[in-house]
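Okay, structure first, notes after.
The values are calculated or read from the model by the stated rules, or taken from the named source; none is laboratory data. Given the structure is predicted, the values throughout are model-derived calculations rather than measurements. Cβ placement follows ideal geometry from the backbone for every residue including glycine, while neighbour counts extend to all protein chains displayed.
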Amino acid sequence: MIWIDTLVQGVLLGGLYALFAAGLSLVFGVMRLVNLAHGDLIVLAAFVILSVATALNLNPFVAAVIAIPVMFAVGWVLQTYLLNRVLGDDILPPLLVTFGLSVVIQNGLLELFSADSRKLTAGSIEAESVSLGGVTVGVMPLLTFVSAVLVIFALNQIFYRTKLGRAFRATSDDREAVGLMGIRPNNVFAIATGIAMVVATIAALYLGIRANFDPSIGPARLLYAFEAVIIGGLGSLWGTLAGGVIIGVSQALGAAINPEWQILSGHVAFVVVLLVRPRGLFPRSKD
Amino acid sequence: MSILTLKSVSKSFGALKVTDNVSLDVEAGEALGIIGPNGAGKSTLFNLIAGNIKPDAGQVLLEGVDVTQRSPMERVHAGVGRSFQIPQPFNHLSVFENLMVAAQFGGEHRGHEAGTFCMSILSETGLASCAQDLAGGLSLLQRKRLELARAMATSPKLILLDEIAGGLTDGECVDLIKTIRNIHSQGTSIIWIEHVLHALNSVVDRLMVLNFGRKLMVGRVDDVMNAPAVREIYLGIEV
């Protein structure tokens, strides 16, 4: 029974990792941009939620609703005025720029909020739990996982069912040809990064309620996000969810054997998947 | 009324003059063929018309409006559709979705109506049966048809076809000609660059001959094909 319990907790934790990764996966899928500042942008979003919640004395869930359009704007501006200038055939400039951005965000947050650990407090819901057929799970982890599934479902609907999604995929295929169809690739990219920041804000909400955060924890979140994307296979959003769950379950199992093994076993699972399936579990297609 | 007017358009790449003082009038509803040896500046002329490159001198007018400084996208919205010599479909989108992108962003079609419109173009261009297939898996003929269909989906008044018959078998070519003739009969103006002369000449009203970036002559198909200068330069026949 304890193993089933561990497994369930791991799956639910995987939801959080999938939320970290979904925005990264979206941006890579649309513009082949690896955003090294993604983890720091999640932490930035957490501080935005914290600031709104503190200033207006709001529950973090309500504060997140205000933070979401703010972060969409941040993503849009970031893409329009910075990242679009460096996107091109060479993949190195965007890598360097997002790496620099990561340093800037970390130090900017340090300057504004100091190095103190913060937390979002959501009240009694944090301690509540429900019983699912013999396994007791926390309401927050369950909510996190359900949110991850809904976010991935929504992103898939946008990607494969809407006009905007077709523009995303067409631009991803051929940046030059979409211009002749009346699409501006830079606008498409700005909207994609905006949506990625909306997802990052949802991830930040659950990250901030679950654990303490400070300006320096971004890169570690980026690592989990990367691993989830790669395990799932580049370009597959459901794969990203599966990748998050695999890391979550591995960490939970590792921790059950020996608490010191939690982080390590997640990374080991990543290496094992890469050895067996170098293209990830659900690669989009052979290209 | 002219759909397209070129006024003394010139373009150089370095010391090479690829388009040299070319003037041209294409009437609304007309089909014009462009022929000339490789390197004569045919595709460059399309790039100038579609707006991918800007001329060094001269003007490009669409329906009497000067569009010389307008972007390719603005010219798509002004009614210029283009198919490329080498097909560039969106490989990870279905054939239908390729058209939807063109119709919704290039042609201002909305919602349900856009879907119906795209299906009608797919039937017209013989692609209805593979509407749901990924464009990346199409045969050469199908890719050429898709290139044509996608240009059609932007609802152009003027369509530019760049060597669309090249590399096809005779049978495939006959089918494609039928489709193009059909598009022409519905009133769309066509400018068609082609080396497959029998295909070209069975559709177009007039021919223009380019050589070293210069307009050698323009006129009725028979007159141009029988002109000694054209036979010598383009067909390599001694006269």
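Before moving on, here are some points about what is shown:
- Condition met for B:Gln132 (assigned to a loop (DSSP other than H, G, I, E, B) and more than 30 Å from B:Leu45 (Cα to Cα)): yes
- Failed item, numbered, when B:Val203 is tested on (1) surrounded by fewer than 19 Cβ atoms within 10 Å (Cβ to Cβ); (2) modelled with pLDDT of 85 or more; (3) part of a loop (DSSP other than H, G, I, E, B): (1)
- Check on B:Leu160, assigned to a strand (DSSP E or B), within 14 Å of chain A (Cβ to nearest Cβ) and touching a strand residue (DSSP E or B) at 6+ places or on another chain (Cβ under 8 Å): yes
- The range A:154-168, subset of a type outside the set (Gly, Ala, Ser) and free of Cβ contacts under 8 Å to residues at least 24 places away in the same chain, residue farthest from the other protein chains (Cβ to nearest Cβ): A:Gln157
- Matching option when the condition is in contact (Cβ under 8 Å) with a residue 40 or more places away in the chain and under 24 Å from A:Ser131 (Cα atoms), among A:Ile4, A:Ile42, A:Ile49: A:Ile4
- Per the listing B:Pro72, B:Pro87, the residue uniquely surrounded by 15 or more Cβ atoms within 10 Å (Cβ to Cβ) and in contact with an Asp or Glu (Cβ under 6 Å, 6 or more places away or on another chain) is B:Pro87.
- Of everything listed in (1) closer than 26 Å to B:Val221 by Cα; (2) surrounded by fewer than 23 Cβ atoms within 10 Å (Cβ to Cβ); (3) not basic (Lys, Arg), the single unmet condition for B:Val60 is (2).
Residue-wise test of (1) within 14 Å of chain B (Cβ to nearest Cβ); (2) more than 15 Å from A:Leu12 (Cβ to Cβ); (3) assigned to a helix (DSSP H, G or I); (4) touching a residue at least 24 places away in the same chain (Cβ under 8 Å).
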{"position": "A:Ser250", "(1), (2), (3), (4)": "no, no, yes, yes"}
{"position": "A:Leu253", "(1), (2), (3), (4)": "no, no, yes, yes"}
{"position": "A:Trp261", "(1), (2), (3), (4)": "no, yes, yes, no"}
{"position": "A:Leu275", "(1), (2), (3), (4)": "no, yes, yes, no"}
{"position": "A:Pro278", "(1), (2), (3), (4)": "no, yes, no, no"}
{"position": "A:Phe282", "(1), (2), (3), (4)": "no, yes, no, yes"}
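- If the condition is being under 25 Å from the mean Cα position of the chain (by Cα) and either away from every other protein chain (no Cβ under 14 Å) or not in a helix (DSSP H, G or I) (or both), then the range A:172-198 contributes A:Phe189, A:Ala190, A:Ala192, A:Thr193, A:Gly194, A:Ile195, A:Ala196, A:Met197, A:Val198.
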